[in-house]
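So the structure is just underneath, and the comments pick up after that.
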Amino acid sequence: MITLKKVDEDNFRKVVGIKLNEEQSKFVATNVYSIAQAWIYPEVARPFAIYNDEEVIGFMMIDWDEKEREAGIWRFMIAEEHQNKGYGRRAMECALNTIKESNKFDYVYLDYVPGNDAGKHLYESLGFKETGEIEEGEIVMKLDLA
């Protein structure tokens with residue numbers, strides 16, 4: 001079963017050790033960088049290890065901004081050896097359910113790097129729509145929760 005657990009001293013090393021292939025590494029910041037950002041923005045950054053049962057298989061960081069009533073998928077990756085098994089979809093569904101069930105947000109946003117066709121396809125299949133905005137060279141997508 002896919003679950004999200006906060007990054008902590010028990011799973012930190014496994015999260016930092018997640019590898020992507022060379023092509024995919026262009027699409028997302030390293031997990032060390034993301035965890036450093038979580039330290040700098042503790043009021044909104046929520047870093048999670050993605051588990052399949054008891055095994056760490058990925059990483060996700062959610063931008064949890066209750067003041068603005070918006071949540072964002074800030075970072076998302078599934079380790080190379082665990083891809084193409086449906087884990088990414090289930091992890092995104094788990095995150096979206098957590099966000100929806102909180103009743104604190106009007107929408108969820110994310111950005112993807114042009115060329116990340118697999119990511120774009122996954123996000124569209126979950127209901128995200130491109131907004132027409134480009135942020136730091138990345139295409140912004142939004143999912144309305146209302």
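Every number in this text was worked out from the coordinates using simple rules, so none of it is lab data. In this text, all values refer to a predicted model and were calculated from it rather than measured experimentally. In this analysis, Cβ positions are derived from the backbone assuming ideal geometry, glycine residues included, and neighbour counts consider all displayed protein chains.
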message = Going by amide H atoms built from the backbone, whose H comes under 5 Å of the H on Phe76, apart from near neighbours?
response = Met61
query = At what distance in nm do the modelled label points of Leu20 and Asp144 sit from each other, each positioned 7 Å from its Cα along Cα→Cβ?
reply = 3.0
task = Determine ³J(HN,Hα), in whole Hz, for all residues of region 129-146 in sequence, where each value follows from phi through the Karplus function 6.51 cos²θ - 1.76 cosθ + 1.60 and θ = phi - 60°; x replaces Gly and Pro.
result = 10, 5, 8, x, 8, 10, 10, 6, x, 10, 7, 8, 10, 9, 10, 6, 9, 5
task = Go through region 24-41 residue by residue and turn each phi into a ³J(HN,Hα) via Karplus (6.51, -1.76, 1.60, θ = phi - 60°); whole Hz please, and just put x for glycine and proline.
result = 6, 5, 6, 9, 8, 5, 5, 5, 4, 4, 5, 5, 4, 4, 4, 5, 6, 10
request  = Starting from the amide H of Tyr41, placed 1.01 Å from N in the peptide plane, find each other amide H under 5 Å away whose residue is 5 or more places distant or on another chain.
outcome  = none
message = Please list, ordered by chain and number, the residues whose modelled amide H lies under 5 Å from the amide H of Val7; skip anything fewer than 5 residues away on the same chain.
response = Phe48, Ala49
ask   = Considering lysine pairs in region 2-144 that are 8 or more places apart or on different chains, how many have Cα atoms under 12 Å apart?
value = 4
note = From DSSP H assignment alone, runs of 4+ in the chain each adding -39500 (n - 2.57), the sum over residues rounded to the nearest 500 puts [θ] at 222 nm at -8000 deg cm²/dmol
